[in-house]
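See below for the structure under consideration.
Nothing in this text is a laboratory measurement; each read-out follows from the coordinates by a stated rule. If you're wondering where the values come from, they're calculated on a predicted model, not measured in any experiment. A quick note on method: Cβ atoms are made from the backbone with ideal geometry, for glycine too, and the neighbour counts reach across all protein chains shown.
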């Protein structure tokens, strides 16, 4: 069993400080949609980002295990919030991962890694709204060396 912790302290108005058990610290506020500030961490952004990070890290681990020659990877994520009577809630999360691989042989491996990451990402599997995966895999036609060395 693992335990992850955080502590929040109110500082003023709709603003506070976050301290995570791993040492990460940040200020946060309500989102601008709820009379908060722009340019600071919000609970809504952190929620969507945590699903994105969970999926991404699961994918990267699986791609490493499958020995995929990954050239680039990025993933955008949108959380769609709407009124679910009588309150607001996220109804749907859409992940848009994009992977660029070195060869045709890597494409089926990446598809498998995407599907398994969607299935096994811990945070992604811990949320109530439907999570949709819309991935794109591209072949790196340049055949250039890797941007960064992958560590094992």
Sum -39500 (n - 2.57) across every DSSP H segment of at least 4 residues in the chain, then divide by the residue count to get the 222 nm mean residue ellipticity, nearest 500. -8500 deg cm²/dmol
Rounded to the nearest 0.05, what FRET efficiency is calculated for residue 78 and residue 35 with R0 set to 30 Å and r the Cβ-Cβ distance? 0.85
Once the Cα atoms of helix 106-120 and of the chain are each reduced to a long axis, what angle between those two axes, in degrees from 0 to 90 to the nearest 10, is obtained? 30
Where labels lie 7 Å past Cα in the beta-carbon direction, separation of residue 67 and residue 18 in nm: 3.9
Regarding the stretch 1-41, what's the average projected area of the Cα-atom convex hull, expressed in nm²? 3.5
So, in nm, how far is label residue 6 from label residue 128 when the simple model puts each one 7 Å beyond its Cα toward the Cβ? 1.7
Once normalised by the length of the stretch 60-106, the mean sequence separation of its alpha carbon contacts under 8 Å that are 6 or more apart gives a contact order in percent of 43
If I fit a long axis through the Cα atoms of helix 43-65 and take the longest principal axis of the Cα atoms of the chain, what angle between them do I get, 0 to 90°, rounded to 10? 20
